[in-house]
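A short worksheet on the structure shown next.
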Amino acid sequence: MNIWNLMEWGALALALIVVWRMVSDFRKRVVVEQHELALHFRNGVFRGLLEPGVSILWGRGNEVTRLDRRWQEMVVQGQEFLTADRAGVKVSGVVRYRIVDGLRFVTESANPVGTLHAATQMALRDVIGVLGLEAVLERQADLGPQLKELVQSVGQQIGIEVETVVARDLMLNGDLKRAYQASLVAKQEALAALEKARGEAAAMRVMANGARVFEKNPTLLQLRALDVVSKAGEGYNNHLVIGSLETLMSTIKTD
């Protein structure tokens, strides 16, 4: 092989390298995972979503923005809100969400997750602010639907689907907590006293009804007395001594 042949092969190799570099500049290989939303932009213009798998993009200016479309949870750290009766309560929240509209997610808000976080804070404030303290404490587990309705309306604007919004870790400050506990104790004591009074009244009604029955049926009173006497002698080593039956019965006036 003479020098001219070597030069020809070298020129051919150089040409192949140049062609390969040119093709590489115009060809972009993209692998999209099953859980991803892949947004294809070319020169800043949205061209569409890429399907999961391998895609080949030709030309220059191609960019791909990847988003995770799986369910995610965001914790809203506890903040203090005022109830309708001006009591301060500290509440945190948890939002379960996922991205469903990738273009809205990247174009409608500079910080979509931050927007969702702020919407959740405002929803907690709005829902708790129209309830009294007792209602908030009793309905904490039932506030989810109201919170979701408020947060979801914001989520739709930025391409997010909200599954649940939960209010949790509700806390009172020290003085309010002690006052509320004292109120609960007083309420339970009042309920106990009311139940005791109801029981005593019911017992008195039973006794009064029994007295009227015995008054109308003297024989029943005598039988009841015999029953009481017979039970009084029950038990191990118990001895009951009474006079004659006539004497016993004569002590029970039936007139």
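List of remarks:
- GluC sites (Glu not before Pro) within the range 35-118: DSSP coil, no more than 15 neighbouring Cβ in 10 Å: Glu108
- Based on C-alpha pairs under 8 angstrom that are at least 6 apart in sequence, the range 71-124 has a relative contact order of 34 percent.
- Close amide-amide hydrogen proximity is noted between Val100 and Ile160, Glu161, each under 5 Å apart and 5 or more residues distant or on a separate chain (H modeled in the peptide plane; Pro and chain starts excluded).
- In sequence order, calculated HN-Hα J values of the range 55-64 (Karplus, 6.51, -1.76, 1.60; Hz; x Gly/Pro): 10, 10, 10, 9, x, 9, x, 7, 10, 10
- In this simple spin-label model, placing a label point 7 Å from the Cα along the Cα-to-Cβ direction at both Glu63 and Arg27 gives a separation of 2.5 nm.
- Each Lys or Arg adds one and each Asp or Glu takes one away; over the other residues whose Cβ falls under 14 Å from the Cβ of Glu149, this sums to -3.
- Restricting the range 66-151 to chymotrypsin sites (Phe, Trp or Tyr not before Pro) that sit in a DSSP loop and have at most 13 other Cβ atoms within 10 Å of their own Cβ leaves Trp71.
The numbers here are math on the coordinates, done by the rules we state, and not lab data. Computed from a predicted structure; not experimentally measured. A quick note on method: Cβ atoms are made from the backbone with ideal geometry, for glycine too, and the neighbour counts reach across all protein chains shown.
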